[in-house]
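Report on the following structure.
The values are calculated or read from the model by the stated rules, or taken from the named source; none is laboratory data. Nothing here was measured: the structure is a model prediction, and the numbers come from that model. Reconstructed Cβ throughout: ideal geometry from the backbone, glycine too, with neighbour counts over all protein chains shown. The area values use the complete protein model at the heavy-atom level, side chains included, leaving out ligands, DNA and RNA. Shrake-Rupley method; radii C 1.70, N 1.55, O 1.52, S 1.80 Å.
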Amino acid sequence: MTQPATAPPTAKRPALPSLTTLGPLLALLLACIFFATQSDRFLTATTLSLVLKQISFVAVIAIGQTLIILTSGIDLSCGVIMALGSVVMTKFAVELGMPPIVAILCGLAITTAIGALNGVLITRLRLPPFIATLGMYGIVFAVTQIYSNAQTVTDLPPALNFLGQTFNILGTPFTYGAVLMLILFGVAWFFLTQTAPGRHVYAVGNNPEAVRLSGIPTTRLLISVYAVAGLLYGVAALILVGRVGAGDPNAGQTENLESITAVVLGGTSLFGGRGNVLGTFLGALIVGVFRVGLTLSGVNSVYQILITGVLIILAVATDQFSRRKA
């Protein structure tokens, strides 16, 4: 007799509020309290605006990184894909004379395609995500340098700088890029917690073989996850262009580590299947708070790297301990 199709394995989706959210939230509150005692300029609306502006493009990258890490993968090429997207958008608009919206769509299409290619390498060629995306890092970085002649693209049309423009809330300027970042976090939260494909992302991270046996096309799902991540890197490129007012081929070389840092500090397990995107937002805020807080306190920025490294080790060690205990 034919065996009936089994239901997809139950994914461990965190309820709100969850321990994976409360932990980063507590760390963020403690960091804010500490820096408030170090500088009377810290707890102000201007500082909040500055933090959101500084983390906006890295946080959007971290959304895509979260989706990938939830499937037990990792993407080391995210930053350079963003850089290529920014160069394509700006060069198409400035040198080829394309309408800005067409140039933006071309940049988004290219970053999405590279993300999908990462997924193909991992699913079809069975390459480990670390190796596939590390190789893609080198390829995309070289292509970006060759295509741009290692030159920054400037004199952009105003439409490409839109996300860097500001509006005032009670006298405090906020960028449209920060608003777009918040909207994307809301969309990602809804997708992961309220839709069947979102539950499948968690399930693949928990037990990919069980998901495959249940009839869910895991190959298509993983390729889609990497493609969506690539699209998000393209959006991050547009936010970056709006912030710096140029297409910089040398950007994105450290954003892979910064995005992974935000994901890990946010409580998402590097082993997949556990975590949430709201935690990633809190993780990105923690990084931004340390960066701004140390600057306002007059502390050498190298201590930010030191403290972030300690926090990453503690977060991963806590995750390991909780998995072993479970």
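Return the calculated 222 nm mean residue ellipticity for the chain, to the nearest 500 deg cm²/dmol, obtained by summing -39500 (n - 2.57) across DSSP H runs with n ≥ 4 and dividing by the residue count.
Numbers: 12 runs with 225 residues, N = 326.
Helix-only estimate at 222 nm: -23500 deg cm²/dmol.
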Legend entry - Computed over the chain, Cα set: Rg, Dmax in Å: 20.0, 73
Legend entry - Assigned charges on the beta-carbon of Lys, Arg, Asp, Glu; the chain dipole about Cα centre (debye): 880
Legend entry - Gain in span if fully extended, L29 to T318, counting 0.36 nm per residue against the direct Cα distance: 102.1 nm
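Starting from region 51-136, pick out the trypsin sites (Lys or Arg not before Pro) whose DSSP state is loop and whose Cβ has at most 11 other Cβ atoms within 10 Å.
Values: sites: K53, K91, R124, R126; in loops: R124, R126.
Qualifying residues, ordered by number: R124, R126.
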Inset, instruction - Report in % the part of the accessible area of the chain that belongs to carbon and sulfur, leaving out ligands and nucleic acids; probe 1.4 Å. - result: 68
Legend entry - For the chain, with +1 on Lys and Arg beta carbons and -1 on Asp and Glu, the positive-most of L282, F271, L26 along the dipole: F271
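Calculate, for region 40-185, the solvent-accessible area per residue in square angstrom, rolling a 1.4 angstrom probe over the heavy atoms of the protein chains. Numbers along the way, then the final one.
On the way: 6320 Å² over 146 residues.
Each residue of region 40-185 exposes 43 Å² on average to a 1.4 Å probe.
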Legend entry - Full-stretch length increase - L257, E95 - with 0.36 nm per residue and alpha-carbon distance subtracted: 55.1 nm
Inset, instruction - With a 1.4 Å probe and all protein chains in place, put L265, L127 in order of accessible area, largest first. - result: L127, L265
Legend entry - region 132-229: trypsin sites (Lys or Arg not before Pro) in DSSP coil with no more than 14 other Cβ atoms inside 10 Å: none
Inset, instruction - Quick one: among T152, T219, T37, which has the greatest mean-square fluctuation in a GNM of the chain with alpha-carbon springs under 10 angstrom? - result: T37
Legend entry - Extended-chain gain in nm, criterion 0.36 nm per residue less alpha-carbon gap, A210 and T152: 16.1 nm
